[in-house]
Amino acid sequence: MSKSILKDAFLGMRRQEAIDLVEKGLRSGADPFTILKECRQAMEEVGKRFETGEFFLSELIYSAEVFKAVSSILEPDLTSNWPGDESKGVVVFGTPRGDVHDLGKNIVITMMRAQGLTVHDLGVDVPPERFIERLQETEAPILALSALITPAFISMRETISLLVEEGLRKNTLVIIGGGVTTELVRKEVGADAQTLDPTEAIKLCRRYIPDRSV
Amino acid sequence: MIPETMSRQERFEAAVALEMPDRVPVMPLMTAFAVHCQGLTQGEAWRDPDKSFKAMLDTFNDLGGFDKLYKPNLYWPMIGGKLCSAPARNLIPGRDLPEDALNQIDEKELFTREDYDRLAALGWNAFWDEHYEKMSGRSIERLISTQNRLLDRYIKEVEACHSQGIFPLFGASVDSSIMAFSMCRTLTQFTMDLYEVPDKVKAAMDASCDDLIQNALDVISLTKIPLVFIVLERGSGFYYRLDIFEQFEWPYLKRYVDAFVSEGLTPWFHFDTDWVLNLPYLRQLPRGKCVCDLDSMTDIFKAKEILDGHMCISGDVPASLLTLGAPEKVRDYCQRLIDEVGKGGGFFLTTGCECPVDAKFENVKTMIDVAKTYKGKS
């Protein structure tokens, strides 16, 4: 399978073509990890084009769905031949208590996974204690909190206070995002970064985990 | 205080017509905030519409009054009337959500990709007559009866408001084409449809547009408030490239505007998300007839540059500022809006989208007081 053809299918927003190419590649004995890497590189290019304004959010959404589809095809082969931890970093992600919106969160998570990050998605309306528990279990260095309504600010602040109490704050990068967040909110809740841009969120993660970046 | 020489309605009409009112008109888009201010839970307010109506009026008065009342109650759909928006389920506090949570739309696929052809063949209303029960397990008659009951209540509450010199903002609320279809398919699936079956989407939209317009006109004929609140979010340059906007949103929005303006109605564009890329198109619409309402994600100062002298702008005190900011920061921002966006007229000072439930009362009061006291540099 030609690497550029698969990439073109991603960049041209042609889901079925990408699926057909991946299936054909597996049938002809191509290495599933190589195919996955090519898909991730294509997604990285999607992200770059989004940053330059050539692509819009819709292209992120579309290509993320293509990535999900090809990942599910590759998954059985990847699982049976897993070479060990290839994760580029671990993120705990959720919508804080008081908010049940998840549209933006889900898009960012798919983009993060497509670029090699391991994301523990805790869902919506997540209490502070659950974020802390999962950070402790996974030793994830990054906590991402997404919100669309203002009552989530209190939960963000409580979660970050609990991080301090549990001695996790200085080793955890806290990123907030979602339509209602601003720099003022970042300062008020005590987060490290705020963004509305999925590719910026990924960049922030990469910067924080430089030795393992893609 | 600035001496008031206009009535609330005259002030609003002057702003829409791009004239200089006696002072800048002002309105927080409040619903859940008012309930919270009166010490009710959101669940109590949803269960007892008399209490929530009273909460709205009491909060209006506690804030010293303002020029338009966004809504007299917690309606969903925005107000009744047949199918002016996607018939999505609304999750209600105390019933589907915790007692004091905010109501939320339960965004699910209401029809499949295969249904576009049927929509194209039947149009919006006849499609739902056929499809609604299959989709929800409930009869369309029940939905329409609920919507009409809400509409009757809305009309009574509007009359009660008018008797107290309070003016609810809109006579009908209707989704834009992309908003209606995206809410029916979900953002992700609708986006996939736009890339994979654009002709089917287009045909379905072509067949639905007139029904959506007529549904809104039918509601207006009963509420008698000559303003149509058009819900726009998902057609913006935040989500889609301009060729998608040009194909799937703009032609229908123009049809909405033509139909509404020819009936003497004011189209109010409720633009959530960032619309800065799309704003130049609005200059093609009739001058001084519409309102461009921004939620603080669109750069309102840029909007002023683009729409100056052509369309009234409404906005955009940010939710985060109202919730977390100090009153002096709110005052500074509102004064800047009046100085820059209000320069030369055509400005309505409002919250950026809905006033957050946990906004500080003094911040909302400050916003209203600035409009009443600050004349601006111009």
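Values in this text are rule-based calculations from the coordinates and carry no lab data. What you are looking at is a predicted structure, and each value in this text was computed from that prediction instead of being measured. Don't worry about glycine lacking a Cβ; one is built from the backbone with ideal geometry, like all the others, and counts go over all protein chains shown.
Reported count of residues in the range B:310-327, each being more than 16 Å from B:LYS343 (Cβ to Cβ) and either among the hydrophobic types (A, V, I, L, M, F, W, C) or without any contact (Cβ under 8 Å) to a residue 24 or more places away in the chain (or both), is 7. Residues in the range B:88-109 that are in a loop (DSSP other than H, G, I, E, B) and over 22 Å from the mean Cα position of the chain (by Cα) were compared, and the one that is farthest from B:ASP48 (Cα to Cα) is B:GLU109.
Among the residues of the range A:186-196, write down those that are in contact (Cβ under 8 Å) with a residue 12 or more places away in the chain and within 14 Å of another protein chain (Cβ to nearest Cβ). A:GLU188, A:VAL189, A:GLY190, A:ALA191, A:GLN194, A:THR195, A:LEU196, listed by residue number.
Being in a helix (DSSP H, G or I) and within 14 Å of chain A (Cβ to nearest Cβ): is that true of B:ASP193 here? For B:ASP193, the condition - in a helix (DSSP H, G or I) and within 14 Å of chain A (Cβ to nearest Cβ) - is met.
Kindly indicate whether any position in the range B:58-65 is under 21 Å from B:ALA172 (Cβ atoms) and over 21 Å from the mean Cα position of the chain (by Cα). No; the residues of the range B:58-65 include none that is under 21 Å from B:ALA172 (Cβ atoms) and over 21 Å from the mean Cα position of the chain (by Cα).
Going through (1) farther than 22 Å from B:ALA15 by Cα; (2) part of a helix (DSSP H, G or I); (3) within 14 Å of chain A (Cβ to nearest Cβ); (4) not acidic (Asp, Glu) one by one, B:THR273 falls short only on (2).
Checked against (1) in a helix (DSSP H, G or I); (2) within 14 Å of another protein chain (Cβ to nearest Cβ), B:TYR239 passes all but condition (1). I'd like to check something: does the range B:225-236 contain any residue that is surrounded by fewer than 22 Cβ atoms within 10 Å (Cβ to Cβ) and assigned to a loop (DSSP other than H, G, I, E, B)? Yes, because at least one residue in the range B:225-236 is surrounded by fewer than 22 Cβ atoms within 10 Å (Cβ to Cβ) and assigned to a loop (DSSP other than H, G, I, E, B).
Within the range B:55-109, the only residue that satisfies the criterion of being charged (D, E, K, R), closer than 21 Å to B:TYR154 by Cα and touching a Leu at 6+ places or on another chain (Cβ under 7 Å) is B:LYS68. Of all residues in the range B:329-357, those satisfying the criterion of being more than 19 Å from B:LEU102 (Cα to Cα), within 14 Å of chain A (Cβ to nearest Cβ) and touching a residue at least 12 places away in the same chain (Cβ under 8 Å) are B:VAL330, B:TYR333.
Scanning the range B:284-302 for residues that are touching a strand residue (DSSP E or B) at 6+ places or on another chain (Cβ under 8 Å), charged (D, E, K, R) and assigned to a loop (DSSP other than H, G, I, E, B) gives B:LYS289, B:ASP295.
Filtering the range A:138-150 to residues that are closer than 12 Å to A:ALA191 by Cβ and more than 14 Å from every other protein chain (Cβ to nearest Cβ) leaves A:ILE142, A:LEU143, A:ALA144, A:LEU145, A:SER146.
Considering only residues in the range B:102-155 that are buried (at least 18 other Cβ atoms within 10 Å of the Cβ) and within 14 Å of chain A (Cβ to nearest Cβ), the one that is farthest from A:ASP125 (Cα to Cα) turns out to be B:GLU107. The number of residues in the range A:87-98 being within 14 Å of chain B (Cβ to nearest Cβ), closer than 16 Å to A:ILE175 by Cβ and not in a strand (DSSP E or B) comes to 1. When restricted to residues that are within 14 Å of chain A (Cβ to nearest Cβ) and crowded, with 21+ Cβ neighbours inside 10 Å, the range B:196-216 contains 1. Residues in the range A:151-185 that are surrounded by 20 or more Cβ atoms within 10 Å (Cβ to Cβ), out of contact with any Pro (no Cβ under 7 Å at 6 or more places or on another chain) and within 14 Å of chain B (Cβ to nearest Cβ): A:PRO151, A:PHE153, A:ILE176, A:GLY177, A:GLY178, A:GLY179, A:VAL180, A:THR181, A:VAL185.
Residue-level analysis places B:TRP46 among those that are under 30 Å from B:CYS184 (Cβ atoms), in contact (Cβ under 8 Å) with a residue 24 or more places away in the chain and assigned to a helix (DSSP H, G or I). In this structure, does A:THR138 turn out to be touching a residue at least 40 places away in the same chain (Cβ under 8 Å) and either of a type in the set (Ser, Thr, Tyr) or out of contact with any strand residue (DSSP E or B) (no Cβ under 8 Å at 6 or more places or on another chain) (or both)? So A:THR138 passes the test.
Restricting to the range A:12-61, count the residues that are touching a residue at least 40 places away in the same chain (Cβ under 8 Å), within 13 Å of chain B (Cβ to nearest Cβ) and among the hydrophobic types (A, V, I, L, M, F, W, C). Qualifying residue count for the region: 7. Note on the range B:89-101: residues that are within 14 Å of chain A (Cβ to nearest Cβ), in contact with a helix residue (DSSP H, G or I) (Cβ under 7 Å, 6 or more places away or on another chain) and surrounded by 16 or more Cβ atoms within 10 Å (Cβ to Cβ) amount to 4. Of all residues in the range B:14-35, those that are in contact with a Ser or Thr (Cβ under 9 Å, 6 or more places away or on another chain), more than 21 Å from B:ASP295 (Cα to Cα) and assigned to a helix (DSSP H, G or I) total 1. Consider A:THR110 carefully, then state whether it is closer than 22 Å to A:THR172 by Cβ, within 14 Å of another protein chain (Cβ to nearest Cβ) and in contact with a helix residue (DSSP H, G or I) (Cβ under 6 Å, 6 or more places away or on another chain). The answer is no for A:THR110.
Among the conditions (1) over 21 Å from B:THR266 (Cβ atoms); (2) in a helix (DSSP H, G or I); (3) more than 14 Å from every other protein chain (Cβ to nearest Cβ), the only one that B:HIS162 does not satisfy is (1).
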